[in-house]
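Undergrad: First, the structure itself, so that you have it in front of you.
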Number of protein chains: 2
Amino acid sequence: MSKFMNVHSGFVGVTEQQLKEAHERDLAIERDEGVHFERAWLDPISGKVFCLSNGPSRESVMRIHERAGHPTGEVYELSIEVV
Amino acid sequence: MSKFMNVHSGFVGVTEQQLKEAHERDLAIERDEGVHFERAWLDPISGKVFCLSNGPSRESVMRIHERAGHPTGEVYELSIEVV
């Protein structure tokens, strides 16, 4: 299992409720690919969303996001983490 | 206080030890601006670094990163978070 950060653009003006609904569409199907989406953060001014997840591969994260209706090609494998 | 994500590019091939040293340069001076850098993640293949922090403003985060030797203009205010 690896950790991933994926980035979405274009979520300008999206509300907390809308982000929650989008995130819940991921959570509803994530087990199909062995992925877990831990957290999502939004800057509604720039429209950037950052999603932190665990899963077997970049492709598994991309497939869940695509099926949930918010595809992204921008998925980074976070092999190094510091605190 | 707000939460921020900032992104650095160009850290291709950087090691865990090098990221740790860079992060510690932030931690050493972060109090000057009332910022705290919680965590940093690196994808050494693409060279992307994601830094999660708390602080009073985007500018405060940018000033610490600049003084620590790794300036970035890409700082997003994460006013919305879902789990």
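Bear in mind these aren't lab numbers, they're just calculated from the coordinates by the rules spelled out. Here the structure is a predicted model, which means the values were calculated and not measured. Because the Cβ atoms are built from the backbone with ideal geometry, glycine has one as well, and the counts that use them run over all protein chains shown.
Undergrad: How far is A:Ile29 from itself in the other copies, in nm, if each label sits 7 Å out from Cα along the Cα-Cβ line, shortest first?
TA: 4.7
Undergrad: Quick check: convex hull of the Cα atoms in the protein assembly as shown, volume per residue, rounded to a whole Å³?
TA: Expressed per residue, the convex hull around the Cα atoms of the protein assembly as shown is 100 Å³.
Undergrad: Another one. Can you tell me, using C-alpha contacts under 8 Å and at least 6 residues apart, the relative contact order of chain A as a whole percent?
TA: 43
Undergrad: Shortest first and in nm to one decimal, what separations exist between B:Arg58 and its copies in the other chains, measuring from label points 7 Å along the Cα-to-beta-carbon line?
TA: 2.7
Undergrad: Let me know the charge dipole size of chain B about its Cα centre in debye, to the nearest 20, where only the beta-carbon of Lys, Arg (+1) and Asp, Glu (-1) is charged.
TA: The dipole of chain B has a size of about 40 debye.
Undergrad: While we're on this one: Mind putting a number on the dipole of the protein assembly as shown about its Cα centre? Charges go on the C-beta only, +1 for Lys and Arg and -1 for Asp and Glu, and I need it in Debye to the nearest 20.
TA: 60
Undergrad: Based solely on its DSSP helices, what 222 nm [θ] is calculated for chain A when runs of n ≥ 4 H residues each add -39,500 (n - 2.57) and the sum is averaged over all residues, nearest 500 deg cm²/dmol?
TA: Rounded to the nearest 500, it is -9000 deg cm²/dmol.
Undergrad: Compactness ratio of chain B: Cα Rg over 2.2 N^0.38 Å, N = residue count?
TA: 1.02
Undergrad: May I ask which residue of chain B has the beta-carbon nearest to the axis carrying chain B onto chain A, and at what distance in whole Å?
TA: Nearest-to-axis residue on chain B, with distance in whole Å, is B:Phe50, 3.
Undergrad: So, one more: Can you list the copy-to-copy distances for A:Val12, using a point 7 angstrom from Cα toward Cβ, in nanometres, shortest first?
TA: Sorted ascending, the copy-to-copy spacings read 3.2 nm.
Undergrad: Next question, about the same structure. Among B:Val35, B:Val12, B:Val49, determine the one that fluctuates most according to a GNM of chain B built with springs between C-alpha atoms less than 10 Å apart.
TA: Of the options given, B:Val12 has the highest mean-square fluctuation.
Undergrad: Mind checking B:37-43 for the average number of partner chain beta-carbons within 10 Å of each residue's beta-carbon?
TA: Partner-chain Cβ atoms within 10 Å, mean over residues of B:37-43: 6.
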